[in-house]
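Data first, discussion second: the structure below is written as structure tokens.
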Amino acid sequence: MIISVNWLKKFTSIDMPVEQLATLIGERLVEIEGIENIGEKYQNVIVAKVVECAPIEGTDHLNATKIDDGGVAEGVERDENGLVQVVCGAPNVRAGMMVAWLPPQSTVPETFHDAEPFVLSVRPLRGVNSNGMLASAKELDLFDDHTGILEVDKDCAPGSKFAEVYELNDYLLDIENKSLTHRPDAFGVIGFAREVAGIQGKPFTTPDWLHDIAPQFSPVQNLEVPTVHIEDPALSDRFTAIVLSGINETAQSPVQLQTYLARSGVRPISASVDVSNYLMLLTGQPSHTYDYDKFKALAGDDFSIRVRSARFEEKLTLLDGKEITLDQADIVIAAGNEAVGLAGAMGGANTIVDETTKNVLLEVATFDLYHLRSTQMRHGIFSEAITRFTKGVPASLAMPVLAEAVRQLTEFTGASVSSDIIEDYPGVREQITVNINEQHINETLGTHFSANDIAELLQNVGFEVAFNELDATVRVPYWREDIHIPEDIIEEVGRLAGFDTINLTLPRREFSATKPQPFDALRSQVRALLVRAGANEVLTYSFVHGDMLKKAGQNPDDAYRIVNSISPDLQYYRQSLTPNLLNLVHPNRKAGYDEFAIFECNKAHRKSAGQTEENVPVEFDSIALVIAKAKAKGDAFYDAKHYLEYVADVLGLTLRYEPLSDGDATAAPFEPARSAAIFDAKSDSYLGVVGEYKKSVQKGFKLPDFTAGFEINPRALHEAVQNVGQRYQALSRYPGTERDITFQTPSDVTFQTIINEATNALTDTNFITTVVPLGIYQAEGSDEKNSTVRIKLVSYNKTLTNEEVTAVIDSVIARVVEATKGRVI
């Protein structure tokens, strides 16, 4: 957002250097990203009067003019009357007009910041010497109009400095406006000036017309007016309108007004459009104008203005000619049943104001900021108007702006009022009142403000403050709907006085470091273990695009949709962490990383999890890992499982794996035939899922064939770790032994079944036992497979004999064969 310092000075005095002002604003209101001095490029521009104008023979557009500069320019050739000759090719040049003259040796403002600025000289054109040039608005770097030279429309004498006439000895402040999201009043010059006055400790006088909340007009004629219906109060607090006739759409607004628009980054167009933009920049309240007769024709028998939600698959062609398909979350303005505008964003082409327009319908309204934020992202409309609407424009501002717009349109375009004001106002609110006392303010801020100090700070920016000894009643102005509670008032006092002015004191209360909760300690331990194992931790957005959910096999209907998403790519809360990690695999491969493991510890949400007692979505913790190798062969499942087993081993857990069935969103990306559900063997609690991903997921995320991962619930992991108990086991002094056994079983027997049965068979022995899976082989087309395990045995008491080992191995074989209907090979 660009703010002109000279425009601010129209509403409050500023008696400090611009650099000091920018620092003060940065400390107490909003960050200033840059300061531009625009006055320096206009130092040599002079206001002159065209005294003579005659065409040059042999040309079809050049004119030799004689101008009166009041004799202020030095070193230029003059005739006997003291006039200077300038050749001009503009179609609108004529004798008697006042112009902006760039004398020889001056720099054309449009090129002032170029690497090689254009410096004028005396040059012959068709044999006629031209002393500099008569400049257009474009050449003056005011706005993009090169159709003719700029005509000075102020009453000033020849020789006046152009910069002084049009207040161009100015500085522009580049505002970082993200921190003003809750302050719609500061998105207008008047509101910003009020804040500048406040932080300087000066009282601010709000223009009288901004207090005129019930203006009265006397229509010169009474055209039929539509009724106004806001179908759902959640869509709009207020919609006001009035009909104007006789508006001259070709009329131009004053140059001074146009320059302030241009300084703020808005292109001047015509008086009717400029008035709307000028008041928007001035107050933060946008407005829109419809062709009244087109509007009435579209409405037909139902001559009404309806503010409603868009209908399913409803289409609208906007003013820029683009046809859009509306979403049911969009707000539309309708003439009867026909949509004529995308509320707060852009009008429709079917009611465009053009040279045929005779009567207009002027709208000033407010719309729900959350709906408009989603509209903004969905349709990619980032206009000045919708930017302000998404900050929450107060409904009370509509009527004063409507009245001022009527006044200016009457003055600049010749319009006349042709109806009474019409409106629907379901969002009427009582003035906000906050009760607070001096002691509360000073104890919170650590200050010693008196009641008078507090009252003065607040009254400077429009608050009404009444103290009764130490207690105060604060009445909040209508433009500050962000103030609700005592703490808001305290913040205002501290900010306006300057937090940097508060004396620093150490806290008087005792405090000590807080011991991390056991769950947080466990999560940190798991993160450290995964890093030690070679994985890289990443942090991704909690918000994702709907397409990412679909690529991961998750149902977007089970995801919370973000109404005011910060980007079109971030529409939903994520349902699990795995899709975010999968989305990073391909970019990392393109960056040259052929082999890596990434993980994230974070939170996720989904509708099926329900809501808390406070009616907010339940969030759950998760830990996910993905491993990818571009050139590796084999089964990625075991690499992911290896990371998981490493963590479990350090934590003292024994994991059990079961076939993966269709589960929740966490399991959705995984291929059931090549994945497993994870359980804690001791507590039998479900921990998560590990495995490879579905072919559709691999294709959607452009994953290499060797990609796998896991996602686990750290809360369940924490509960399992709590039940581990004593983990110490002394080493035996005696040697152990190992035996490998290969079982041939039907193909539907899982490896976990063999592991479970072998482990159960060893339970009754008095030895230290371990069962380790070694490998699986299944011939193509066979309905049997070979699974190999390694049995490790050791005793605390003696060296095991061959007979003892054989007996144990035989018991394992017997149990596994009976359970699986297999055999040993």
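Each Lys and Arg adds +1 at its Cβ and each Asp and Glu adds -1 at its Cβ; summed about the Cα centre, segment 227-424 shows a dipole of about 560 debye. With each label modelled as a point 7 angstrom along the Cα→C-beta vector, the His484-Val616 pair spans 1.3 nm.
What net charge is computed for the residues neighbouring Phe367, neighbours being all others with C-beta under 10 Å from the C-beta of Phe367, Lys and Arg scored +1, Asp and Glu -1? Walk me through the numbers before you get to the answer.
Working: positive: Arg238; negative: Asp237, Asp368.
Here the charged neighbours net out to -1.
When the alpha carbon coordinates of segment 433-501 are projected onto the principal axes, the ranges are 29, 27, 19 Å, largest first.
Of the accessible area of segment 518-722, computed with a 1.4 Å probe over protein heavy atoms only, carbon and sulfur atoms account for 48 percent. For the chain, what is the mean residue ellipticity at 222 nm derived from helices alone (per DSSP H run of n ≥ 4: -39500 (n - 2.57); sum divided by total residues; nearest 500 deg cm²/dmol)? Calculated from helices alone, the mean residue ellipticity at 222 nm is -8000 deg cm²/dmol. Computing Kirkwood radius over Cα pairs in Å for the structure here picks out one of (i) 32.5; (ii) 33.7; (iii) 31.1, namely (ii). Out of every Cα pair in segment 341-441, what percent are spaced more than 24 Å from each other? Summing the P(r) tail past 24 Å for segment 341-441 gives 42 percent. Here the label points at Glu176 and Tyr728, each 7 Å from Cα along the C-beta direction, are separated by 5.5 nm in the simple model.
With every protein chain in place and a 1.4 angstrom probe, the accessible-area ranking of Cys53, Cys601, largest first, reads Cys53, Cys601.
Non-local lysine pairs in segment 60-178, meaning eight or more places apart or on different chains, with alpha-carbon distances under 27 Å, amount to 5.
Among the protein heavy atoms of segment 433-501, carbon and sulfur supply 46% of the accessible surface, probe 1.4 Å, non-protein parts ignored.
Spatially close Lys pairs in segment 447-604, defined by Cα atoms under 25 Å apart and a spacing of eight or more places or different chains, total 5.
Rounded to the nearest 20 debye, what is the charge dipole size of the chain about its Cα centre when +1 sits on each Lys and Arg Cβ and -1 on each Asp and Glu Cβ? Walk me through the intermediate numbers first.
On the way: 74 positive and 117 negative charges, 664 e Å.
The dipole of the chain has a size of about 3180 debye.
Along its three principal directions, the equivalent ellipsoid of segment 227-424 from the Cα gyration tensor extends over semi-axes of 24, 19, 16 Å, largest first.
Solvent-accessible surface of segment 518-722, averaged per residue with a 1.4 angstrom probe and all protein chains in place: 47 square angstrom.
Partners of Lys322 within straight-line reach, counting lysines whose Cα lies under 21 Å from its Cα and excluding those fewer than 8 residues away in the same chain: Lys294. Mean projected area of the convex hull spanned by the Cα atoms of segment 293-350, taken over all viewing directions: 3.6 nm². Per the Debye formula with a single identical scatterer at each Cα and no solvent contribution, what log10 I(q)/I(0) holds for segment 737-824 at q = 0.24 Å⁻¹? Evaluating at q = 0.24 Å⁻¹ gives log10 I(q)/I(0) of -1.17.
Taking 19 Å as the straight-line reach from the Cα of Lys695, the aspartates and glutamates in range (excluding those fewer than 8 positions away in the same chain) are Asp547, Asp635, Asp639, Asp662, Asp664, Glu671, Asp705, Glu711.
Taking the accessible area of segment 291-397, probe 1.4 Å, and keeping the other protein chains in place, the carbon and sulfur fraction comes to 48%. The residues of segment 433-501 present an accessible area of 49 Å² per residue when probed at 1.4 Å with all protein chains retained. Just to confirm a number: summing +1 for Lys and Arg and -1 for Asp and Glu over residues other than Val255 whose beta-carbon lies under 13 angstrom from that of Val255, what do you get? So the environment of Val255 carries a net charge of -4. Take segment 737-824 with all the other protein chains still there, run a 1.4 Å probe, and you get 55 Å² of accessible area per residue.
Residues with beta-carbon under 9 Å from that of Trp209, excluding Trp209: net charge, scoring Lys, Arg +1 and Asp, Glu -1? Don't skip to the answer; put the middle values down first.
Numbers: positive: Arg407; negative: Asp208, Asp212, Glu404.
Charge balance near Trp209 sits at -2.
Across segment 510-575, Cα pairs under 8 Å and at least six residues apart give a relative contact order of 28 percent.
Annotation: average projected area of segment 40-165 is 7.6 square nanometres, based on the convex hull of Cα atoms across all directions.
Exceedance of the 24 Å cut-off in Cα-Cα distance is limited, within the set Lys633/Lys694; Lys315/Lys699; Lys682/Lys792, to Lys315/Lys699. Can you spot the lysines whose alpha carbon is less than 17 Å from Lys9's alpha carbon? Ignore those fewer than 8 places along the same chain. Filter leaves Lys202. Based on every Cα atom in segment 598-700, Rg and the maximum pairwise Cα distance Dmax equal 15.2, 50 Å. Histogrammed with a bin width of 10 Å, the alpha carbon distances of segment 518-722 distribute as 9, 36, 38, 16, 1, 0 percent, first bin at zero.
The values are calculated or read from the model by the stated rules, or taken from the named source; none is laboratory data. What you are looking at is a predicted structure, and each value in this text was computed from that prediction instead of being measured. Because the Cβ atoms are built from the backbone with ideal geometry, glycine has one as well, and the counts that use them run over all protein chains shown. Protein only, heavy atoms only, side chains kept; ligands, DNA and RNA dropped before computing areas. Shrake-Rupley method; radii C 1.70, N 1.55, O 1.52, S 1.80 Å.
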